[in-house]
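One structure is given here, and the rest of the page talks about it.
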Amino acid sequence: MTDVFGGIAMGMGAALDPVNLLYCFCGVLLGTLVGVLPGLGPVATVAMLMPFSLTLEPTSSIIMLAGIYYGAQYGGSTTAILVNIPGEASSVVTAIDGYKMAQQGRAGAALGIAAIGSFFAGCVSTMVIAVCSPMLAQVALTFRAQEYFSLMVLGVVTAVVLAHGSLLNALCMVVLGLLLGLVGTDVNSGVERFTLGGVPELADGISFVAVTMGLFGIAEVAANLAHPEHRTLRVDKVGRILPTRHELAMSVGAILRGTSLGSVLGVLPGGGALLASFSAYSLEKKVARTPTHFGDGDIRGVAAPESANNAGAQTSFIPLLTLGIPGGPVMAVILGALMVQGITPGPQVMTERPELFWGLTASMWVGNLMLVVLNLPLIGLWIRLLKVPYRALFPAILVFCCIGGYAVSTSTFEVWSLALFAVLGYGFKKLDCEPAPLVLGFVLGPLIEEHFRRSMRLSDGDPTVFLTMPLSLAFLVGAAGLMVMVLVPQIGAVRQAAMQEA
């Protein structure tokens, strides 16, 4: 525990550095803006800002990118409550009771409890990161190549299982991501692979910036433009911002349960803010004495998911920083940004770059405090921004993406790659193929190959080495179990449909 307090003190020194403080503020401000403006999302924003973040010192870079992610959880509640359009996927549940409260003239109380719950959950989950991450990192330091390979296989399988839509689509997207990650020069033999007959720009692999900005940036914006905007803004009935004592008393238990559940689920691969918010809302309905009030403007239906999604967003950094395993698309983008800067997230980060880990942890406390100031007193500003039509933002986003893509390597090939993945991303959305598994496969593919080949060299080519290590075997069994759990019901459904047709 002494080491934890020492690390927090070191982190506070880094987080309160004027430069890092500025980028923390920029991150949470952009995150709030992204959450308020429906249709953009933190994944697209983090992807678009990655070229800029690569020019920063790694600690400043991850502080800003992290601020965008958890800041979007705050801002997403604003549109969910006032417009009934969740600015972030994790705010979908908030809209159920939040918009009802706005219709009843209690929008201010809903916005207030959302900010209070998010602030409390953010502070608690940051302490969870500070306490649990060092212990998990110590365990991870004992991992060998076999354990890392099996753990990453489990992460990829989890991404497939938890992806939205068809299991086959998700599996195909992961495989495509793994193949794209292998493009370039083999570090062991020096032979170029999948470079389309020796295209020089592909010798170093496909640009991670082009992949993420294309799939999540331009494609996301183009997909949103295909749908007309329908906004019924409750600007005339915001009312008192702070909830009453009775509303606070009702919300205390919901905030505590949401924070606890979100902190746990955020650590799971594929969990994060989205799973946490849905689970917290379901839990609250089960423990409530009067569950029939949910859906009709119950303040607990706002407090629980908003606390859970913020806690889940922040604890999702634990597997990223201690194991090097991204738990979702935003974490995959941040992982890619760090790797481009020459930092491989994992247990070594805490020993080799302690200022980065502890600086990020401490900055979350600072960022959460900034978000309370940004969200409650400036609610009038966010309401005015809601009136900006989405189509007016598209040209600026498109230009920003192209400039960012070109700036990475000052090459037009980067811009063409960006355009190609934007077209692919738009096609994937039309085919109901979620791009997140592709990005996870793209990021983890080279690491899976590296640990597999290292394991084969150490075992003289014996593939059973993955089954002789207890932890490695446990990870593989877990991956197989997840696939069986998903496949068995689908096979049963196919057989039942075939029998009915016969």
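The values are calculated or read from the model by the stated rules, or taken from the named source; none is laboratory data. Nothing here was measured: the structure is a model prediction, and the numbers come from that model. Cβ coordinates were reconstructed from backbone atoms using ideal geometry, including for glycine residues, and neighbour counts include every protein chain displayed. Accessible surface is based on the protein model in full, side chains and every heavy atom, while ligands, DNA and RNA are left aside. Shrake-Rupley method; radii C 1.70, N 1.55, O 1.52, S 1.80 Å.
Measuring only protein heavy atoms, the 1.4 Å probe finds residue 281 accessible over about 20 Å². The residue 406 and residue 473 beta-carbon pair, evaluated with R₀ = 56 Å, returns a calculated FRET efficiency of approximately 0.75. Report the paramagnetic label zone for residue 168: residues of the range 407-437 whose backbone N is under 16 Å from a point 7 Å from Cα along the Cα-to-Cβ axis. Correct set: 431-434.
Normalised by the number of residues in the chain, the average gap of Cα pairs under 8 Å and 6 or more apart makes the relative contact order 28 percent.
Which Cα, out of 110, 130, 25, lies furthest along the positive dipole direction of the chain (beta carbon charges, K/R +1, D/E -1)? Selected residue: 110.
Treating r as the C-beta distance of residue 488 and residue 135 and R0 as 30 Å, the FRET efficiency rounds to 0.25. Lysine pair count for the chain with Cα-Cα distance under 29 Å and sequence separation of 8 or more or different chains is 8. What separates the Cα centres of the range 111-127 and the range 133-199 is a distance of 34 Å. In the context of the full set of protein chains, the chain has a per residue accessible area of 41 Å² (1.4 Å probe). Would you please state which residues of the range 1-20 a label at residue 142 would reach in this model, taking the label point 7 Å out along Cα→Cβ and a backbone N cut-off of under 19 Å? Counting only backbone N, you get 1. Here the chain is treated with +1 on each Lys and Arg Cβ and -1 on each Asp and Glu Cβ, and its dipole about the Cα centre works out to around 1460 debye. Ordering 101, 354, 409 by Cα displacement along the dipole of the chain toward the positive end leaves 101 in first place; charges were set at the Cβ atoms of Lys, Arg (+1) and Asp, Glu (-1). The listed residues 106, 454, once ranked by accessible area (1.4 Å probe) with the largest placed first, stand as 454, 106.
Averaging the Cα positions of each part gives two centres, and for the range 408-436 and the range 299-316 these lie 32 Å apart. Model label sites at residue 344 and residue 432, defined 7 Å from Cα along the beta-carbon direction, differ in position by 3.9 nm. Taking every full run of DSSP H in the chain, the ones that stretch at least 20 Å from end to end by Cα along their long axis and average 1.6 or higher on the Kyte-Doolittle scale are 18-36, 107-140, 145-162, 167-181. Accessible-area rank, largest first, for 429, 286: 286, 429, with all protein chains present and a 1.4 angstrom probe. Taken along the Cα-to-beta-carbon direction at a fixed 7 Å, the label points for residue 57 and residue 188 span 3.9 nm.
When nucleic acids and ligands are ignored and a 1.4 Å probe is applied, residue 135 ends up with an accessible area of around 120 Å². Between residue 420 and residue 369, the modelled labels are 4.8 nm apart [label points 7 Å from Cα along Cα→Cβ]. Among residues other than residue 281 with Cβ under 11 Å from its Cβ, the summed charge is 0 (Lys and Arg +1, Asp and Glu -1).
Taken over the range 1-141, the ratio of Cα radius of gyration to 2.2 N^0.38 Å equals 1.19. Sorting 25, 208, 5 on solvent-accessible area from highest to lowest, probe radius 1.4 Å, gives 5, 25, 208.
Computed in the context of the full set of protein chains, the accessible area of the chain at 1.4 Å probe radius has 69% of its extent on carbon or sulfur.
Placing unit charges on the Cβ atoms of the charged side chains and taking the dipole of the chain about its Cα centre, the candidate lying farthest along the positive direction among 56, 173, 371 is 371.
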